[in-house]
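Since the structure comes first, as structure tokens, the remarks are kept for the end.
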Amino acid sequence: MEERKVIFRLRRYDPETGGYREDRYEIPVYRGMTVLDGLIWIKENLDRTVSYRASCRMGLCGSCGMTVNGRPTLTCETQILSLERDELTIEPLYNMEPVRDLVADFHQFFKNQRAIKPYLIRRDIEEQVEPTREYLQDPEEWNLYIQFAMCITCGLCYSACPTTATNEKYLGPQALANLFRFYIDSRDEGWEERLAIADSEDGVWGCHLATGCSEVCPKGVDPALAIQLLRREILRKSLGKKTRREARPLAPLLPPEEESPYRAFGEAPEFTVEGAEEAAEKFNILHDPRKR
Amino acid sequence: MSRKGRKGILGWIIPITNMERLLYSLHRITGIGLTLYLFIHIYETSMRALGRETWISTSEFLDNPVFHIGLLLVVLAAIFHGANGIRLILQELGLIAPKPTQPVYPYRKYHRERRVYIVTITMLILGIGVAIFALRDFLILLEVLGK
Amino acid sequence: MNGRIRLGIYFSGALLAVLVLIHLSLFSYWFVEGGYYTNMSWEAVSERMNSLLWDAFYLVFLTTVMAHSYIGIRNILFEYITSDGGRRLVTYALALIWISAYIYGLIPIIASAGG
Ligand code: SF4
């Protein structure tokens, strides 16, 4: 097969000078080679100082988002030949602070993600921590939120959004879509709280439906749709109409002779690694709603 | 909180990734333009309070090709802003939002199609209506310019 | 800061869609050759302004368009000015400008309302 060459122009951020520098690399391309493969090839063969973030190489971890030819892209899912260009310009993701070369800082992004309380809020916290029964949910209810649960927090939507370009307080498409995912989940009971978070200048009202987010999302999450639906809920609420239905009751109690399967697990095994106990303790504090 | 790396005002017009993103930029630009025109228009019409002479001299001052073309641009901007605005009202308040579904692979294509249909259909319906309107304005202005 | 002010832009926008159409058709109709639109002549405008219906129309129109543009520009500035103090300043400074322009725009309506 004839070998094709493609030029990678990397717009690299230099933290020492605070500026950008452009480097050109020519790389041979084979069929099926992704942009990330190209970067790995550069690092292995041409320039070891190139920094980028990547992990799973199969579109699951959401680490390798970069701006390719002015469009936020998940590089591991994008084949070089499918772009049909002889020259690719690769930059760090827009609207995030660059760290070095092609790596962008997700600090604000994850702060927003935490701000929307991405966990089930239940009134009965005791039951949530020490569950005795299951939460019920039928496929119809699952269908309502599964689309927004597909998010891999890759940050492409945040980088494609025009509002985040200037407004650093704006929650961003990803956080709002995630908020809606929990809002509409039939097991969740925190909808009042969630609507209050969304109902602000920096929440749903910061969105102007440019839908760049839905366009670039590699997982079909469609954050713009989530924001529209959230807005409709807020509108309905302010008009005094019914919004979300109540959470469904728990599964019926098992007869006493059949113990709940949750009880059957017994005690957790001893920790074998040093320091693991403290880490687990920290984790528990972080994830135990009673200690939040 | 840092603005470093953020695109700033430039980010309102780039990256243009899709059709709605372009409409968003145009909506914003026409919006700002129309606001400026609104203020000029208020000033212009307030000339009435100064009596007949001032009004007529203002009219005469405004009667030249530059202002006529400017006015045409304003009319086009207003029509675009209005048509797109109606689409935004319908879409942003979730009045014509599709039901969320389980994404189908390839995700991007599937969702783009769904969105593009909605936008194209609403814009077409609105567009045909206002196009007739704009065409008439355009013809009239051509006639004025011809004089 | 309550974001729900954005709802105002939808309602005023829907109203404006109708009002602007009427307003635009005004200067396109009644076109007579020679010079500026004749329906903009002193006499034609006076005739319109003397009718209470048109006065009411202009009053509603002016109010809606001012509210719509105020919310719109405020929204745009809020995206750039994100500190609470700055946003408060924007809200009041814009309100001041818009209210003065509104009063200015009322002048021809009120001046002609009497006849
Ligand atoms: S919503 Fe889509 S684009 Fe945004 S972070 Fe999640 S997976 Fe990435």
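Only one of A:Tyr145, A:Tyr158 is facing another protein chain (nearest Cβ under 10 Å) and within 16 Å of the ligand (Cβ to nearest atom); which?
Working: A:Tyr158 fails: facing another protein chain (nearest Cβ under 10 Å).
Residue meeting the stated conditions: A:Tyr145.
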What helices (runs of 4 or more DSSP H), lying completely within the stretch A:113-197, carry at least 3 residues that are within 30 Å of C:Tyr80 (Cα to Cα)?
A:156-160, A:172-184
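Within the stretch B:79-86, does at least one residue satisfy the condition of being touching an Asp or Glu at 6+ places or on another chain (Cβ under 8 Å) and modelled with pLDDT of 80 or more? Spell out the reasoning first.
Step one: of the stretch B:79-86, the residues touching an Asp or Glu at 6+ places or on another chain (Cβ under 8 Å) are none.
Checked the stretch B:79-86: no residue is touching an Asp or Glu at 6+ places or on another chain (Cβ under 8 Å) and modelled with pLDDT of 80 or more.
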Does at least one position in the stretch A:49-72 carry a residue that is farther than 15 Å from A:Arg12 by Cβ, at pLDDT 90 or above, more than 15 Å from the ligand (Cβ to nearest atom) and β-branched (Val, Ile, Thr)?
no
Can you say whether A:Pro139 is near the ligand (Cβ under 9 Å from one of its atoms) and surrounded by fewer than 24 Cβ atoms within 10 Å (Cβ to Cβ), as far as the supplied structure shows?
no
Give just the number: which of (1) at pLDDT below 90; (2) more than 16 Å from the ligand (Cβ to nearest atom); (3) surrounded by 23 or more Cβ atoms within 10 Å (Cβ to Cβ) does A:Asp188 not satisfy?
(3)
Filter the stretch C:63-102 down to the residues that are small (Gly, Ala, Ser) and at pLDDT 90 or above and list them by number.
C:Ala67, C:Ser69, C:Gly72, C:Gly85, C:Gly86, C:Ala93, C:Ala95, C:Ser100, C:Ala101
So is A:Gly220 on the phi > 0 side of the Ramachandran plot, more than 7 Å from every other protein chain (Cβ to nearest Cβ) and within 15 Å of the ligand (Cβ to nearest atom) or not?
no
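So, in the stretch B:32-55, of the ones that are in contact with a Phe, Trp or Tyr (Cβ under 8 Å, 6 or more places away or on another chain) and more than 7 Å from every other protein chain (Cβ to nearest Cβ), which residue ends up surrounded by the most Cβ atoms within 10 Å (Cβ to Cβ)?
In the first step, residues of the stretch B:32-55 are kept if they are in contact with a Phe, Trp or Tyr (Cβ under 8 Å, 6 or more places away or on another chain); the result is B:42-43, B:46-48, B:52, B:55.
Right, trim to more than 7 Å from every other protein chain (Cβ to nearest Cβ) and you get B:43, B:47.
Values: B:Tyr43: 13, B:Met47: 18.
Restricting to residues being in contact with a Phe, Trp or Tyr (Cβ under 8 Å, 6 or more places away or on another chain) and more than 7 Å from every other protein chain (Cβ to nearest Cβ), the top hit is B:Met47.
Out of contact with any strand residue (DSSP E or B) (no Cβ under 8 Å at 6 or more places or on another chain) and either at pLDDT 90 or above or under 30 Å from B:Ile9 (Cβ atoms) (or both): does that describe A:Ala177? Show your work before the answer.
Working: out of contact with any strand residue (DSSP E or B) (no Cβ under 8 Å at 6 or more places or on another chain): yes; either at pLDDT 90 or above or under 30 Å from B:Ile9 (Cβ atoms) (or both): yes.
In short, yes.
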Hits in the stretch A:168-179 (condition: more than 9 Å from chain B (Cβ to nearest Cβ) and under 16 Å from B:Gly8 (Cα atoms))
A:Tyr170, A:Gly172
From the list A:Gln128, A:Gln147, exactly one residue is surrounded by 21 or more Cβ atoms within 10 Å (Cβ to Cβ), over 30 Å from A:Glu26 (Cβ atoms) and among the polar types (S, T, N, Q). Which is it?
A:Gln147
Only one of A:Thr164, A:Thr153 is more than 11 Å from chain B (Cβ to nearest Cβ), closer than 30 Å to A:Glu16 by Cα, of a type in the set (Val, Ile, Thr) and within 13 Å of the ligand (Cβ to nearest atom), namely A:Thr153
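For B:Thr58, indicate whether it is surrounded by 15 or more Cβ atoms within 10 Å (Cβ to Cβ), at the interface with another protein chain (Cβ under 7 Å from one of its Cβ atoms) and free of Cβ contacts under 8 Å to residues at least 24 places away in the same chain. I'd like the intermediate steps shown before the answer.
On the way: surrounded by 15 or more Cβ atoms within 10 Å (Cβ to Cβ): yes; at the interface with another protein chain (Cβ under 7 Å from one of its Cβ atoms): no; free of Cβ contacts under 8 Å to residues at least 24 places away in the same chain: yes.
Judged against the criteria, B:Thr58 is not a match.
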Checking the structure you have, find out if any residue of the stretch A:223-232 is out of contact with any Ser or Thr (no Cβ under 8 Å at 6 or more places or on another chain), within 12 Å of the ligand (Cβ to nearest atom) and over 17 Å from A:Ala104 (Cβ atoms).
yes
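Being within 20 Å of A:Leu120 (Cβ to Cβ) and in contact with a helix residue (DSSP H, G or I) (Cβ under 7 Å, 6 or more places away or on another chain) narrows it down to one of A:Trp191, A:Trp205, so name that one.
Working: A:Trp205 fails: within 20 Å of A:Leu120 (Cβ to Cβ).
None of the others qualify; the one that does is A:Trp191.
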Restricting to the stretch A:206-217, and then to whatever is of a type outside the set (A, V, I, L, M), within 16 Å of the ligand (Cβ to nearest atom) and assigned to a loop (DSSP other than H, G, I, E, B), can you tell me which residue is surrounded by the fewest Cβ atoms within 10 Å (Cβ to Cβ)?
A:Cys207
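Have a look at B:Ile16, B:Ile29, B:Ile86, B:Ile79 and point out the one that is under 22 Å from the mean Cα position of the chain (by Cα), within 27 Å of A:Leu225 (Cα to Cα) and within 11 Å of chain A (Cβ to nearest Cβ). Full working, then the answer.
Values: B:Ile29 fails: within 11 Å of chain A (Cβ to nearest Cβ); B:Ile86 fails: within 11 Å of chain A (Cβ to nearest Cβ); B:Ile79 fails: within 11 Å of chain A (Cβ to nearest Cβ).
On inspection, the qualifying residue turns out to be B:Ile16.
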For the stretch A:116-140, pairs from a residue that is β-branched (Val, Ile, Thr) to a residue that is modelled with pLDDT under 80, with Cβ under 7 Å and 6 or more apart or across chains, are A:Ile125/A:Pro289; A:Ile125/A:Arg290; A:Val129/A:Asp288; A:Val129/A:Pro289; A:Val129/A:Arg290; A:Thr132/A:Ser260; A:Thr132/A:Tyr262
Within the stretch A:198-205, identify whether any single residue is more than 12 Å from chain B (Cβ to nearest Cβ), part of a helix (DSSP H, G or I) and within 15 Å of the ligand (Cβ to nearest atom), and answer yes or no.
no
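The values are calculated or read from the model by the stated rules, or taken from the named source; none is laboratory data. Every value quoted in this text rests on a predicted model; they were computed, and no experiment measured them. Please note: Cβ atoms are built from the backbone with ideal geometry, for glycine as well, and neighbour counts cover all protein chains shown.
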